[in-house]
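**Student:** First the structure, then my questions, so here it is.
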Amino acid sequence: MTTRRAFTAYLLSGAALGLSACARAPEPITVPEVQYDPGYGPMVDGEFNLPPVPATYTQGVNKRMLVPYNGNESSGVIDVDIYAKFLYLVLPDSMAMRYPIAVGRLGRALTFDTTVRAKREWPSWTPTANMLRTEPEVYGPFAGGVEGGLTSPLGARALYLYRNGRDTRYRIHGTNDMRSIGNSGSAGCIRLFNQDAIDLYERVGIPTSVRMRSEGESMQLEPEHFGRGVELPPTIVDPETIYGASDSEAEVAGADGTVRDPLSSDTL
């Protein structure tokens, strides 16, 4: 565990959808003391600054680990256990990188195998028609979408899942809602700490097969962790806070000086 008494970072609030209210290039904030585990410290990622993941959220198995692989998939496959809240990237020599995940209600409907056909850095987000219909009080204010950046519920990275050549609208992605990892949320797909989403993104190629474990497989392979986590209620945030912050992120220059055109059609 690492302690930093002072560092420059943006504070991201753990609100519904993992939304935060950070504007581009604000005055730096000095944090008196934050404890975090190795691999979960503050990160500078392009034009964005990610805060550390407090050690409170990475207790026990709720952190990225290199572990002996307990499943049946071949190297290079992503093996997801929505019941034990783990995502395994299968490596050679019967090893795997295991990431803790949060599983939204939509993610629990992802019971079929898919393939990663696209991946994006700092993706934008637009709520689906079903989200708007079933929980308009939560998602209605964001019907116009949220641009990629610190305010996007898709976090720092997203892997886009396809089936039979068609986009399933399911994603494996980062989140700012750190407390959700290891638990179930009101909506969303498969979410990781942003630091883990970045790590996974760098390891995954196109295409990559994604295998979903059944409930029976999870009970057999993860008897100690089967059913871990709790169901978290939705939290409503002020949309003016989000849009007010994202206005200054509409155009973000890349390392080569070009401007990234924020996407507007991605779904959670």
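**Student:** More than 19 Å from the chain's Cα centre (by Cα), part of a strand (DSSP E or B) and modelled with pLDDT of 95 or more: is that true of VAL80 in this structure?
**Tutor:** When the stated conditions are applied, VAL80 does not pass them.
**Student:** Then there's this: Residues GLY205, GLY144: which one is under 30 Å from TYR36 (Cβ atoms) and in a loop (DSSP other than H, G, I, E, B)? Before the answer, list the steps.
**Tutor:** Numbers: GLY144 fails: under 30 Å from TYR36 (Cβ atoms).
Testing whether each residue is under 30 Å from TYR36 (Cβ atoms) and in a loop (DSSP other than H, G, I, E, B) leaves just GLY205.
**Student:** So which residues in the range 179-203 are within 11 Å of PRO100 (Cα to Cα) and under 11 Å from the mean Cα position of the chain (by Cα), if there are any at all? Working first, answer last.
**Tutor:** So in the range 179-203, the residues within 11 Å of PRO100 (Cα to Cα) come out as 180-183, 190-193, 196-197.
Within the range 179-203, SER180, ILE181, ILE190, ARG191, LEU192, PHE193, ASP196, ALA197 qualify.
**Student:** Taking the condition of being at pLDDT below 95 and buried (at least 17 other Cβ atoms within 10 Å of the Cβ), how many residues in the range 106-124 meet it?
**Tutor:** 4
**Student:** Give the residues of the range 147-185 that are modelled with pLDDT of 90 or more and among the aliphatic types (A, V, I, L, M), sorted by residue number.
**Tutor:** LEU154, ALA156, ALA158, LEU159, LEU161, ILE172, MET178, ILE181
**Student:** Turning to a different aspect of this structure: Tell me which residues, restricted to the range 65-93, are buried (at least 20 other Cβ atoms within 10 Å of the Cβ) and of a type in the set (D, E, K, R).
**Tutor:** ASP79, ASP81, LYS85
The values are calculated or read from the model by the stated rules, or taken from the named source; none is laboratory data. Everything numeric here is computed off the predicted structure, so don't read it as measured data. Glycine also receives a Cβ, built like all others from the backbone with ideal geometry; neighbour counts cover every protein chain displayed.
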